[in-house]
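**Q** Once you've had a glance at the structure underneath, I'll fire off some questions.
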Amino acid sequence: MDQLRAIGYFIKVAELGSFTKASKALGVPASSISRRLQDLEAELGVTLLNRTTRVVRLTELGQLYLERVRPTVDDLRYANQLVKEHLSAPKGMLRISSVASYGEYRLVPALKRLRQRYPELVIDLDLTDRLTDLTTNEVDIAIRATASLPERAIARRLNTNECVLVAAPDYLAQRGEPTCIDDLRHHYTLLYRGPDRIIDWQARTSSGWVEIKTKPTFVCNIGKELVNEAEAGRGLALVPSWGVREQVADGRLRALTLKDGTLALSRNDAAGTYLLYQQPKYRLTKIKVAVDFLIEELAEVPA
């Protein structure tokens, strides 16, 4: 039995929870995967997977085995790539996942410059707010706006996600300019939808944090659309400063400050935009040059 191949099949089935999904991902018949795993279980003398008609679940020993073999298989894969790339320029597929708004505003322009410098790199970019598990090897680099960092990844902070309250001059002429927190309750607002909820605004005051309930006229998970709505005069928007620098500079939007509090989308001081990758992959030429380049291009806080 080719044990290494069988272990690879086992890892994929465990990650996807299905022989059918693993079959599609690997391009191998599900029956072949099943036979290989039966042989692996027979050789080990244990049951690694509980199989039902609907789902495949790891046994307790299966979970322990997965935790031990996956890093080893990953290291072997990285070693193979490292040797192949040692004397060559960065090339091949580079899989990047990024939170949508930041990706559109900041990452995409940087990736264009990266490709100009390393034309043999092939960028596979997924703009999504869905959380990405770097340990599944589906993604090489992830960019996330978060305060909860994964344990098994290197996290490089790109910015603090400092937010600014903005509105179009026409809107302010019609509705008046808010000067304090209480004024916000009488204004139309444009709110961001996170992966699992609408994100209400938070205000840091002299007496602590306050959650602000407003009258939203538009809710969206794409920051650029919130900015567009603000430019059209449809309400106040609280967005990261990196998303409206050009609009504020040319007068399409005005940045507003409140006399009794500072607005934010999160109460956690650790919140920010982070570039994430796995340490073993950093030894690969294409990952190293991409990480170093993106940090140089995008980081707005000390490393």
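The values are calculated or read from the model by the stated rules, or taken from the named source; none is laboratory data. Remember, predicted model here, so these are calculated numbers, not experimental data. Here the Cβ positions follow ideal geometry from the backbone for every residue, glycine too, while neighbour counts run over all protein chains shown.
**Q** Quick one: residue 160 ticks every box in (1) modelled with pLDDT under 95; (2) closer than 16 Å to residue 255 by Cβ bar one, so which box is it?
**A** Exception for residue 160: condition (2).
Conditions tested, residue by residue: (1) at pLDDT below 95; (2) more than 17 Å from the chain's Cα centre (by Cα); (3) within 25 Å of residue 78 (Cβ to Cβ); (4) not hydroxyl-bearing (Ser, Thr, Tyr).
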site: 222; (1), (2), (3), (4): yes, no, no, yes
site: 231; (1), (2), (3), (4): no, yes, no, yes
site: 264; (1), (2), (3), (4): yes, yes, no, yes
site: 267; (1), (2), (3), (4): yes, yes, no, yes
site: 284; (1), (2), (3), (4): yes, yes, yes, yes
site: 296; (1), (2), (3), (4): yes, yes, yes, yes
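**Q** Name the single residue that is farthest from residue 163 (Cα to Cα) among those in the stretch 192-203 being touching a residue at least 40 places away in the same chain (Cβ under 8 Å) and not small (Gly, Ala, Ser).
**A** 195
**Q** Free of Cβ contacts under 8 Å to residues at least 12 places away in the same chain, surrounded by fewer than 16 Cβ atoms within 10 Å (Cβ to Cβ) and among the aliphatic types (A, V, I, L, M): does that describe residue 173?
**A** yes
**Q** Go over the candidates 76, 48, 26 one by one and state the one that is over 30 Å from residue 300 (Cα atoms), outside the structural domain of residue 152 (by TED's automatic domain parsing) and at pLDDT 90 or above.
**A** 48
**Q** Also: Exactly one condition in (1) at pLDDT 95 or above; (2) at negative phi is false for residue 288; which is it?
**A** The single condition residue 288 does not satisfy is (1).
**Q** Quick check, is residue 151 under 24 Å from residue 99 (Cα atoms), without any contact (Cβ under 8 Å) to a residue 12 or more places away in the chain and not assigned by TED's automatic domain parsing to the domain that holds residue 74?
**A** Spelling it out, residue 151 is indeed under 24 Å from residue 99 (Cα atoms), without any contact (Cβ under 8 Å) to a residue 12 or more places away in the chain and not assigned by TED's automatic domain parsing to the domain that holds residue 74.
Here is a yes/no grid of residues against (1) in contact with a strand residue (DSSP E or B) (Cβ under 6 Å, 6 or more places away or on another chain); (2) in a strand (DSSP E or B); (3) farther than 30 Å from residue 128 by Cα; (4) not assigned by TED's automatic domain parsing to the domain that holds residue 129:
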position	(1), (2), (3), (4)
156	yes, yes, no, no
177	no, no, yes, yes
185	no, no, yes, yes
191	yes, yes, no, yes
196	no, no, no, yes
202	yes, yes, no, yes
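**Q** Here are some residues: 189, 146. Which one is hydroxyl-bearing (Ser, Thr, Tyr), touching a residue at least 40 places away in the same chain (Cβ under 8 Å) and within 18 Å of residue 268 (Cβ to Cβ)?
**A** 146
**Q** Among the listed residues 258, 276, which satisfies the condition of being of a type outside the set (Val, Ile, Thr) and in the same structural domain as residue 118 (by TED's automatic domain parsing)?
**A** Step by step, each of 258, 276 is checked, and only 276 is of a type outside the set (Val, Ile, Thr) and in the same structural domain as residue 118 (by TED's automatic domain parsing).
**Q** Within the stretch 91-141, count every residue that is out of contact with any strand residue (DSSP E or B) (no Cβ under 6 Å at 6 or more places or on another chain), hydroxyl-bearing (Ser, Thr, Tyr) and within 30 Å of residue 244 (Cβ to Cβ).
**A** 3
**Q** Is it fair to say residue 142 is outside the structural domain of residue 237 (by TED's automatic domain parsing) and at pLDDT 90 or above?
**A** yes
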